[in-house]
Structures are given as structure tokens and as C-alpha cells.
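Here the structure is laid out as C-alpha cells; the discussion comes afterwards.
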Amino acid sequence: MSTSAQVEAPRLWLILSRCHRALSQIAERSISEAGLGLSDFAALEALLHKGPLTITEIQAKVLLASGSMTAAVDRLEGKGLVIRRATPSDRRAKVLELTSEGKRVVEAAFRRHAAELGTAMAILNGTEKRQLYGLLKKLGIFAAEARAEAISGNGRIRKDRAPQT
């Protein structure tokens with residue numbers, strides 16, 4: 001395909017999908033090699049980078065269903081990687097914190113994960129990574145807004161809402 005040829009939306013979606021699948025396989029392998037499942041790793045990683053969080057806060061960050069999040073927390077607590085503490089403002093809510101073992105495990109897993117993803121993306125230079133980040137974020141925000149509008153409105157994406165390039 002020449003660089004001047006127009007890329008239609010279905011073709012772009014196919015390329016994004018294939019890229020996502022390939023990178024997901026690398027990410028999932030690096031996580032499983034650390035002895036963790038994807039949801040467990042996501043919860044631990046959120047706690048590592050954001051500090052203590054409630055189950056609801058983690059759930060919102062890692063986009064897991066309530067039942068999946070509860071099961072992940074139960075597994076992590078059973079392995080001694082997190083502890084639940086009562087929150088001072090709401091006795092019903094529990095704050096999760098990494099144990100020292102949990103911190104050790106997730107730091108090692110995250111280092112491996114980041115290195116493997118870095119190797120997979122080494123084809124892009126820093127400028128290309130920033131451009132791709134910006135473009136994917138722009139596309140994702142627009143698609144999410146269009147989806148929300150479709151759900152609440154008539155189900156059609158209005159072309160007059162599309163950003164002009």
C-alpha cells in the first residue's frame with residue numbers, strides 16, 4: 001500500500017485490531033510468566049502506581065466487573081500480596097494496600113512486563129511513540145463520546161461532530 005493511498009476506516013480498524021492482539025499476547029505472556037493472571041496483575045499494578053485504593057477505585061481503573069474484581073482481591077489476599085483495611089470515612093468500604101511481598105512481586109512483574117513491551121515497540125522512535133499515543137488517545141476519546149451519544153441518542157454518529165483534519 002502506498003503512503004499516499006487513503007486508508008479507509010475498516011482497514012484501519014483491522015490493523016489496530018491485529019496490532020492490539022499481537023501486543024496483548026506479549027503482555028499476557030510476560031504477566032503469566034510472573035505467575036499472575038491479567039486481572040490480578042492489573043489490580044497490583046494500580047496499587048503499585050497509585051497507592052492504597054478501594055476496591056471500587058481499582059475496579060474503575062482496570063475496567064473489571066464487580067465479581068471479577070472481588071475474586072481477584074480474594075486471590076491476592078489469599079496469596080498474601082494485599083491486605084484490606086477499613087476506611088475511616090466509610091466502614092463498609094475497604095482500602096487495599098500492597099504487602100511487602102506484594103510490592104516485591106508486582107515490581108518484578110512490572111519490570112519484566114515493561115521491558116518486554118519496550119522490546120516489542122522498539123521499532124518506533126520516541127517521536128513516533130508520542131505521535132501514536134496522541135493519535136490513539138484522540139481516536140479513543142472520540143469513539144467513546146460517539147458511543148455514549150449513540151447510546152443516549154439516536155444511535156448514529158453525527159459527521160458534524162467529527163474533528164476535521
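Accessible area per residue for the chain in Å², computed with a 1.4 Å probe and the full protein assembly in place, what is it?
70
Along the charge dipole of the range 30-86, which of 30, 76, 86 sits closest to the positive end, that is, farthest toward it, with unit charges on the beta carbon of Lys, Arg, Asp and Glu (+1, +1, -1, -1)?
So the residue furthest toward the plus end is 86.
About the Cα centre of the range 48-103, what is the dipole size in debye to 20, counting +1 per Lys and Arg Cβ and -1 per Asp and Glu Cβ, all else neutral?
The dipole of the range 48-103 has a size of about 60 debye.
Round to the nearest 0.05 the FRET efficiency obtained for residue 68 and residue 27 when R0 = 22 Å and r is the Cβ-Cβ distance.
That gives a FRET efficiency of 0.80.
To make sure I understand the rule: partners must be lysines, Cα under 22 Å from the Cα of residue 94, and not fewer than 8 residues away in the same chain. Which ones qualify?
Cα-Cα hits under 22 Å: 50, 61, 79, 103.
List the residues, sorted by chain then number, that are 5 or more residues from residue 54 or on another chain and whose placed amide H is less than 5 Å from its amide H.
Excluding prolines and chain starts, which carry no amide H, the hits are 96.
Evaluate the charge dipole of the chain about its Cα centre and quote only its size in Debye, nearest 20, assuming +1 on the Cβ of each Lys and Arg and -1 on the Cβ of each Asp and Glu.
Roughly 300 debye for the chain.
Ignoring ligands and nucleic acids, what accessible area does residue 49 show with a 1.4 Å probe (Å², nearest 10)?
100
Starting from the range 58-127, pick out the trypsin sites (Lys or Arg not before Pro) whose DSSP state is loop and whose Cβ has at most 14 other Cβ atoms within 10 Å.
Here the trypsin sites (Lys or Arg not before Pro) that fit, given the DSSP loop and packing criteria, are 91, 92.
Once Rh is set to the Kirkwood radius over Cα pairs, what Stokes-Einstein translational diffusion coefficient, in µm²/s, holds for the range 2-74 at a temperature of 4 °C and a viscosity of 1.567 mPa s? Could you put the intermediate results ahead of the total?
On the way: Rh = 14.5 Å.
This corresponds to a translational diffusion coefficient of 90 µm²/s.
What is the local net charge at residue 31, summed over the other residues whose Cβ is closer than 10 Å to its Cβ (Lys, Arg +1; Asp, Glu -1)? Display every interim value, and only then the final one.
On the way: positive: 29, 112; negative: 28, 33, 40, 45, 116.
Neighbour charge sum, excluding residue 31 itself: -3.
Restricting to Cα pairs below 8 Å that are 6+ residues apart, what does the relative contact order work out to for the range 14-165? Please round to a whole percent.
Dividing the mean separation by the residue count of the range 14-165 yields 21 percent.
With all protein chains present, how much of the accessible area of the chain (probe radius 1.4 Å) comes from carbon and sulfur, to the nearest whole percent?
Whole-percent figure for carbon plus sulfur exposure: 57.
The values are calculated or read from the model by the stated rules, or taken from the named source; none is laboratory data. Bear in mind that the values here come from a model prediction, so they are computed numbers and not experimental data. Quick reminder, even Gly has a Cβ in these numbers, built from the backbone with ideal geometry, and neighbours come from all protein chains shown. Accessible surface is based on the protein model in full, side chains and every heavy atom, while ligands, DNA and RNA are left aside. Shrake-Rupley method; radii C 1.70, N 1.55, O 1.52, S 1.80 Å.
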